[in-house]
Amino acid sequence: TDSTSAGREAALDALRRTGVAPEAIQTALIFATAPHDQDRLLEGVRAVVPAARVTGCSGEGVIVQHDTHERDRAVAVLLCASSSLTLEPQVFTDYEADPAALGRALAEAVNACPDAMAVLVFPDGLTGNCTALLDAARTRLTRPVPILGGTSADAMALERTYQYGPGG
C-alpha cells in the first residue's frame, strides 16, 4: 500500500470507530514508521479529516488496539472530537541547538494557557537532549501539568525523524 492510501485507510478506520462526521473531528494524533513518505501519508489523513489539527511523530513501530506493528510500513491514527477538550499542536524549533531553551519556551506556552491539562511532546530522537528539555520545562511550569509523549524514531536508520504539527 502506498503512503497516501495507508494514511487515508487508517483515518477512515479511525473515523468509523468514532461514529461522528469528519467535520466534527478536531484532532488527528498520528504515529507512523519512518519508511513511509511522510508528506503523502499526512495527505491521506487530511483527505479524510481536512479540518483536524494534526500531531504525532514517526516511530520504530506503532501500537494499535491490542497489537504492535514494528514492520517497514505501519500507521496508527486516533481521531478526537470533543466539546470540552481541545488539543492545540505547537511546533517549536531549535531543539538540537538548545533543548533547555526550548523547554523553557514550552513551559511559558503552557503557563499562558490556564486550561492546559497535559502536554504531549514528540522531540527528535536523534538530536538534542530530551532530559534537558523536560528538566527545563518542569522547572518553569507554574502549576503541575503532566508531560508525556515519546521521542520520534526512524526504524534505526539514524538519519531523520518526523514530527507532525501545523503545516506538516
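The table below gives the values:
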{"item": "Test: Thr86 is out of contact with any strand residue (DSSP E or B) (no Cβ under 7 Å at 6 or more places or on another chain), assigned to a loop (DSSP other than H, G, I, E, B) and touching a residue at least 60 places away in the same chain (Cβ under 8 Å)", "result": "yes"}
{"item": "Conditions (1) closer than 27 Å to Leu133 by Cα; (2) modelled with pLDDT under 95; (3) open to solvent by less than 90 Å² (accessible area, probe 1.4 Å); number of the one not met by Asp94", "result": "(3)"}
{"item": "The stretch 14-60, subset assigned to a helix (DSSP H, G or I) and of a type in the set (Val, Ile, Thr), residue farthest from Leu148 (Cα to Cα)", "result": "Val48"}
{"item": "Pick from the stretch 97-131, criterion assigned to a loop (DSSP other than H, G, I, E, B) and among the polar types (S, T, N, Q), ranking: most open to solvent (accessible area, probe 1.4 Å)", "result": "Asn129"}
{"item": "Residue match in the stretch 3-13 (condition: at pLDDT 95 or above, in a loop (DSSP other than H, G, I, E, B) and either surrounded by fewer than 15 Cβ atoms within 10 Å (Cβ to Cβ) or not polar (S, T, N, Q) (or both))", "result": "no"}
{"item": "Qualifying residues in the stretch 14-43 (those that are open to solvent by less than 20 Å² (accessible area, probe 1.4 Å) and of a type in the set (Gly, Ala, Ser)) - the one nearest to Leu79 (Cα to Cα)", "result": "Ala28"}
{"item": "Residue under evaluation Arg73, criteria (1) open to solvent by 90 Å² or more (accessible area, probe 1.4 Å); (2) assigned to a strand (DSSP E or B), criterion not met", "result": "(2)"}
{"item": "Within the stretch 137-153, tally of residues that are surrounded by fewer than 16 Cβ atoms within 10 Å (Cβ to Cβ), polar (S, T, N, Q) and either on the phi > 0 side of the Ramachandran plot or not in a loop (DSSP other than H, G, I, E, B) (or both)", "result": "1"}
{"item": "Failed condition for Arg46, given (1) within 15 Å of the chain's Cα centre (by Cα); (2) in contact (Cβ under 8 Å) with a residue 60 or more places away in the chain; (3) surrounded by fewer than 21 Cβ atoms within 10 Å (Cβ to Cβ)", "result": "(2)"}
{"item": "Top-ranked residue in the stretch 154-167 [being open to solvent by less than 30 Å² (accessible area, probe 1.4 Å) and more than 14 Å from Tyr95 (Cβ to Cβ); ranked as modelled with the highest pLDDT]", "result": "Tyr164"}
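One line per residue, one yes/no per condition, for (1) over 23 Å from Ala10 (Cα atoms); (2) in contact (Cβ under 8 Å) with a residue 40 or more places away in the chain; (3) among the basic types (Lys, Arg):
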site	(1), (2), (3)
His66	no, no, no
Cys80	no, yes, no
Ala112	yes, no, no
Thr127	yes, no, no
Ala137	yes, no, no
Thr142	yes, no, no
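The values are calculated or read from the model by the stated rules, or taken from the named source; none is laboratory data. Owing to the predicted nature of the structure, the values given are computational and were not obtained by experimental measurement. When we count neighbours, we look across all protein chains shown, and the Cβ atoms used for this are built from the backbone with ideal geometry, even at glycine. With ligands, DNA and RNA removed, areas are computed over all heavy atoms of the protein, side chains included. Shrake-Rupley method; radii C 1.70, N 1.55, O 1.52, S 1.80 Å.
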